[in-house]
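Presented below is the structure to which this report refers.
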Amino acid sequence: ITRTVYAYLGGAWVDITEDVTGAISGSTGIPSNRETDRIANPGSFSFTLLNNSGTYTPGGVSAHADWKKGTPIKVDFSNPLTKTKFIGYVNSINLSYENNDKRASVTALDWFHYASNLPLNIPILQTNKRGDQILTTIVALSTIAPTSTSYQIGTQTFPYAFHDNTVKTT
């Protein structure tokens, strides 16, 4: 299995895999692709990155001004097909020195982390809506919108949506 780590820098996804050192760890929000896995938890991804004075300098060439907390991170795995297994945002960068080399321990969290900690703007009662319409409404009312969406849901129409909702996103 091949792992590729990307950071969204300068308006494009940049492969930063060669600068990721040591082991990586992470968890995805949805445990598998089974149809019974319907509840998602916040996902996280942690890794150590070669670092230069708190700024990320890929290949030692030039520092990226847009490398900071909030930078989008993406992780793909290939074997032989490529699948994106994590998309999130840098949540913390902790600087350290190891063997006279500057390192940054980076933790990225996915959109579910931010959405679940912020209130959902209370939607009005909706009637006779399909699941995709309901999810579109939820995303539109979220305090922080995801960068992209793709829904795989059935065609069931719900007689009522948001009739007994709370402000906590789950």
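The values are calculated or read from the model by the stated rules, or taken from the named source; none is laboratory data. Keep in mind it's a predicted model, so treat the numbers as computed, not measured. Ideal geometry is used to build each Cβ from the backbone, glycine not excepted, and the neighbour counts take in all protein chains shown. SASA here: full protein model, heavy atoms, side chains in, ligands and nucleic acids out. Shrake-Rupley method; radii C 1.70, N 1.55, O 1.52, S 1.80 Å.
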(message) Take the conditions assigned to a strand (DSSP E or B) and either open to solvent by 60 Å² or more (accessible area, probe 1.4 Å) or modelled with pLDDT under 85 (or both) and apply them to I39. Does it pass?
(response) no
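Here is a check on your reading of the model: is P159 exposed (fewer than 11 other Cβ atoms within 10 Å of the Cβ), modelled with pLDDT of 75 or more and out of contact with any strand residue (DSSP E or B) (no Cβ under 8 Å at 6 or more places or on another chain)? Walk me through it before giving the result.
Details: exposed (fewer than 11 other Cβ atoms within 10 Å of the Cβ): yes; modelled with pLDDT of 75 or more: yes; out of contact with any strand residue (DSSP E or B) (no Cβ under 8 Å at 6 or more places or on another chain): no.
No.
Which count do you get for residues in the range 75-87 that are of a type outside the set (S, T, N, Q) and more than 14 Å from S44 (Cβ to Cβ)?
Residues in the range 75-87 being of a type outside the set (S, T, N, Q) and more than 14 Å from S44 (Cβ to Cβ): 5 in total.
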(message) When the residues of the range 75-109 are narrowed to those that are of a type in the set (F, W, Y) and open to solvent by 50 Å² or more (accessible area, probe 1.4 Å), which ends up modelled with the highest pLDDT?
(response) F77
(request) Name the one entry in P123, P119 that is part of a loop (DSSP other than H, G, I, E, B), open to solvent by 70 Å² or more (accessible area, probe 1.4 Å) and either at pLDDT below 80 or closer than 28 Å to G70 by Cβ (or both). (result) P119
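Would you say A145 is within 18 Å of Y114 (Cα to Cα), open to solvent by less than 80 Å² (accessible area, probe 1.4 Å) and at pLDDT below 80?
Answer is yes for this residue.
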